[in-house]
Every structure is written in structure tokens, then in C-alpha cells.
Amino acid sequence: MFDEAEFIAQRPKAAPHEFVLDALAPLQPATRPMFGCLAVYIEDRIVVILRDKHDFTTDNGVWLATTAEHHRSLKREFPPMRSIRLLGRKVTHWQILPADAPDFEALALRACELIAARDPRIGKVPKRRSRPARRSNVARVRPKRKR
């Protein structure tokens, strides 16, 4: 027997602000879950994180991967852009185009245009995580001490 409630529960969750992924589709973006949000990569660069959650709704929107040196010029293009409050610092490298901005979709699509044009102000190559050295499966033999 077909259980509609079970079918609905099994459907994959829609990506937040999916129109951003649609706009970036020609660039063949890769996505990965990050912080309960969706990180978007173009080649080896993380370019945005898409967030639409029920907590800290003021930080829902499109998070731009950038650096402090680019804030001023990006702010001219995106007046509502600001640091992410959820991160707890006054100024963060990550900046947000807030979903509650009146022209949010237009701003997000403009950011997609800049990403497609390979604007160097948006996108960062993530630092490689250093992994702890793996222990060898070979037992270490210690020399016997003379008594």
C-alpha cells in the first residue's frame, strides 16, 4: 500500500535559495552540507553558502566568501551586505546578502554574475585541514633494557 506521508518524508530537501544554484548551473557547481547550510563550490573555490533556517533568521540569505580587503568595493555593489551576526564578531570575512533585503533575489543574481565572471572578490580556496598522523598498524618493538 502507498503511504503518502512516508513518501513525502523521503523526498530530498530542496536547496535553500535554489534560484542561486540555477543561476550558477552553467559553471557546474558542487554542493556540500556545511553548518546545516549548503556550501557552493566552483572548481576548487567556495563561493557562497546558502542559508534558510528557523533559528537566527536574520542571517538567512546568501553568504559570500570574501576577505576584508574587498568589503568596501562589494558594499558599493550590494548596499545591504553585512557581516554575519551568527559568527559573533563585528566584522567577518564572510559577508551576507540578507534574505530579508527588499531586493534580495536581484542582489543574489548579481553576485552570481560576478562569480560567473570570475570576480576575484568572491570565492576562496579553502585551507587544507591538517590530519593527525596515522598510527601504523605495525607494532613498535622497543629494545629491551638491560638490568
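The numbers here are math on the coordinates, done by the rules we state, and not lab data. Bear in mind the structure is a predicted one, so any value in this text is a computation, not a measurement. Cβ placement follows ideal geometry from the backbone for every residue including glycine, while neighbour counts extend to all protein chains displayed.
Per q in 0.20, 0.22, 0.29 Å⁻¹, report the Debye log10 I(q)/I(0) for segment 40-85, using one uniform scatterer on each alpha carbon and no solvent. Calculated log10 I(q)/I(0) at the listed q: -0.76, -0.88, -1.13. Extension gain for the segment H54 to A68, taken as residue separation times 0.36 nm less the Cα-Cα distance, is 2.2 nm to one decimal. Taking θ as phi - 60° and the Karplus parameters 6.51, -1.76 and 1.60, the scalar couplings of segment 31-45 work out to 10, 9, x, 8, 6, x, 10, 10, 7, 10, 10, 10, 6, 9, 10 Hz in sequence order, x denoting glycine and proline. Couplings 3J(HN,Hα) for segment 51-63, derived from phi with the Karplus relation 6.51 cos²θ - 1.76 cosθ + 1.60 (θ = phi - 60°), are 10, 8, 10, 7, 9, 6, 4, 5, 9, 7, x, 10, 8 Hz, where x marks Gly and Pro.
For segment 75-87, putting each phi into the Karplus relation 6.51 cos²θ - 1.76 cosθ + 1.60 with θ = phi - 60° gives couplings of 4, 5, 7, 10, x, x, 4, 7, 6, 7, 5, 4, 6 Hz, in residue order, rounded to whole numbers and with x for Gly and Pro.
Legend: calculated FRET efficiency, A25 to K127, from the Cβ-Cβ distance at R0 = 41 Å, rounded to 0.05, equals 0.90. Computed on segment 14-116, with alpha-carbon pairs under 8 angstrom and 6+ residues apart, the relative contact order is 23 percent. Residue separation of A14 and E113 scaled by 0.36 nm, minus their Cα-Cα distance, works out to 33.4 nm of gained length. For Q95, the residues whose modelled amide H falls within less than 5 Å of its own, excluding neighbours fewer than 5 places apart on the same chain, are L64, T66. Based on the Stokes-Einstein relation at 37 °C and a viscosity of 0.692 mPa s, and on the Kirkwood radius from alpha carbon pairs, segment 14-116 is assigned a translational diffusion coefficient of 241 µm²/s.
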